[in-house]
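The next block holds one structure in the form of structure tokens; read it before the comments.
Nothing in this text is a laboratory measurement; each read-out follows from the coordinates by a stated rule. Computed from a predicted structure; not experimentally measured. Ideal geometry is used to build each Cβ from the backbone, glycine not excepted, and the neighbour counts take in all protein chains shown.
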Protein chains: 4
Amino acid sequence: MTADVTMAQAETIMQASVRKARELDLLMNIAVVDVGGHLKSFVRMDGAWLGSIDIAIKKARTARLFDMPSGDLGPMAQPGQPLYQIEVSNDGLITFPGGIPLTNGNGQVVGAVGASGSTVDNDQAVAHAGVSAFDSAAAR
Amino acid sequence: MTADVTMAQAETIMQASVRKARELDLLMNIAVVDVGGHLKSFVRMDGAWLGSIDIAIKKARTARLFDMPSGDLGPMAQPGQPLYQIEVSNDGLITFPGGIPLTNGNGQVVGAVGASGSTVDNDQAVAHAGVSAFDSAAAR
Amino acid sequence: MTADVTMAQAETIMQASVRKARELDLLMNIAVVDVGGHLKSFVRMDGAWLGSIDIAIKKARTARLFDMPSGDLGPMAQPGQPLYQIEVSNDGLITFPGGIPLTNGNGQVVGAVGASGSTVDNDQAVAHAGVSAFDSAAAR
Amino acid sequence: MTADVTMAQAETIMQASVRKARELDLLMNIAVVDVGGHLKSFVRMDGAWLGSIDIAIKKARTARLFDMPSGDLGPMAQPGQPLYQIEVSNDGLITFPGGIPLTNGNGQVVGAVGASGSTVDNDQAVAHAGVSAFDSAAAR
């Protein structure tokens, strides 16, 4: 059982996420981070927003740093809520959807995927396609 | 068709924005960034807020990084909205008005203008004057 | 003639650089930046140094920011030489080998490759393999 | 007697520095900072190094922060010398030539000019042309 996302897995994730982006006619930045939250793989599709490079990476990093989808932090980070302004920590977090952890068969988080380039629903769908491909490959 | 804003175009933009600022009796910081979001030209009018130097530059950079007026991000970045706290990404974004992309005749964004020094409506008017001068020069 | 490195070109570069790394039995981090110095593509081979993620990216960025191999800055950046401590600018430059510009058929720099994970000679060889593949693809 | 560089003076400086750059067939980034070390005016000539944007600004800022040409700090910042590694302070200093203070008729430093884009001798010549134009205008 892998304890870290591999380069081969990251490629599988990337291909699935890019395929999903093309299906949905989106231009995406997609990042995979490893078990330590460090960048493992990154792709920017031609014409994707320049400002989404950093956001895709930060979404993936946020998802690994807290072992939950980036968007799950959002409600707790609102004004008056317990984690208000958590985004300024860790050199910048993103607390809206588009970052999803990668979990191995033992339930250990071994990395995360982040996508940015469209609405948060689309970003989440593209990240999810990558996670699903990771899960499917692991199950084989 | 230019694929990047030129120094001559940046001067045209600056002159038009400063003229508009004087018409409206404003003291402005005005920045032009290039196709990569890098600073191309900058002017601070005498007496303009020191704190608006960075804001003018960040507005222009925000407009190029997302290929839309900086203020268009504002509603989506409010508490409870999908892009809440996006401002912590990219070493700091500004999501209120005053940054506007520069688009060439092919519909490509080739840079952006940012203005800061007064109300956001005034800032936007000054940035808009620069963009209009860019468009007029391109049309000639 | 492309004025910016494309995703397809970045993939060609990555494949060639990873192939070269495997030939030389190296574990590498490899980055491609675009015409604006922004991250276009990144891969970390399994087991490559974590500390080389940032170095690979900074090498590529340095090569684009000054339109020369990162190592060409090294001699000028030594103690007593004209560009001593230039590395503190631009949020961090790397002035040793491993970053090489990508130049199109018009002689325009459209991006750069950076590699880090071994000796600077090996890093340079891996980056060079990526640049050669870019040049070969462009020539076809 | 001005206690701060004005926008009109900054324009005079910019024009003289750009003229000198063209005489010497150079592509330059040129920055003027005010009495507080804050950006007053900036121009990047078409094709000038992207990496020199930050260096031009840091040279000007360094010259004002210490009221001396940036290059005067260089010998003191060498290994074994009293100011070794001073460059890491102030969010980054540049201690090689190309930044020169602007001094009014009372001997007060009211700002500085920074140029970057070629050898340090050429950078210094371009900055010097700007300072000379400032001095000449003040003498009239």
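Peptide B:28-39 shows a mean partner chain C-beta count of 4 within 10 Å per residue C-beta.
For the residue pairs A:58/C:59; A:59/C:59; C:20/C:58; A:40/D:40, the alpha carbons lie more than 30 Å apart in A:40/D:40.
Return a whole-number percent for the relative contact order of the range D:7-135, with Cα pairs under 8 Å and 6 or more residues apart as the contact set.
Computed over the range D:7-135, the figure is 31 percent.
GNM remark for chain D: springs join alpha carbons under 10 Å apart, and the peak mean-square fluctuation among D:31, D:56, D:16 falls on D:16.
The Rg/Rh ratio of the range D:1-63, with both radii computed over alpha carbons and Rh defined as the Kirkwood radius, is 0.98. May I ask you to derive the FRET efficiency for residue A:83 and residue D:85 from their Cβ-Cβ distance with R0 = 51 Å, giving the value to the nearest 0.05? That gives a FRET efficiency of 0.85. The value given for the protein assembly as shown is a Kirkwood hydrodynamic radius of 24.3 Å, derived from the mean inverse Cα-Cα separation. Assuming charge only on the beta carbon of Lys and Arg (+1) and of Asp and Glu (-1), the dipole of the range A:1-90 about its Cα centre is about 80 debye to the nearest 20. Averaging the Cα positions of each part gives two centres, and for the range D:79-140 and the range B:57-120 these lie 33 Å apart. Other residues lying with their Cβ under 14 Å from the Cβ of residue D:115 contribute a combined charge of +3, Lys and Arg counting +1, Asp and Glu -1. Projecting the Cα positions of D:117, D:134, D:68 onto the charge dipole of chain D (unit charges on Cβ atoms of Lys, Arg, Asp and Glu, taken about the Cα centre) puts D:134 furthest along the positive direction. Across peptide C:87-94, the mean count of Cβ atoms from other chains lying within 10 Å of each residue's own Cβ comes to 6. Among D:112, D:129, D:77, the largest mean-square fluctuation in a Gaussian network model of chain D, built with springs joining Cα atoms closer than 10 Å, belongs to D:77. Largest first, the three principal axis extents of the alpha carbons in chain D are 45, 37, 21 Å in whole numbers.
Here residue C:76 yields copy-to-copy label distances, from shortest upward, of 2.6, 4.1, 5.0 nm, the label point defined as 7 Å from Cα along Cα to C-beta. Evaluated with a Cβ-only charge set (Lys, Arg +1; Asp, Glu -1), the protein assembly as shown carries a dipole of roughly 380 debye about its Cα centre, given to the nearest 20.
Nearest to the axis that brings chain B onto chain C is this chain B residue, judged by its Cβ, with the distance in whole Å: B:36, 1. For the options D:42, D:96, D:66, a Gaussian network treatment of chain D with springs between C-alpha atoms closer than 10 Å singles out D:66 as fluctuating the most.
Between residue B:15 and residue A:108, the simple label model (points 7 Å from Cα in the Cβ direction) yields a spacing of 6.6 nm.
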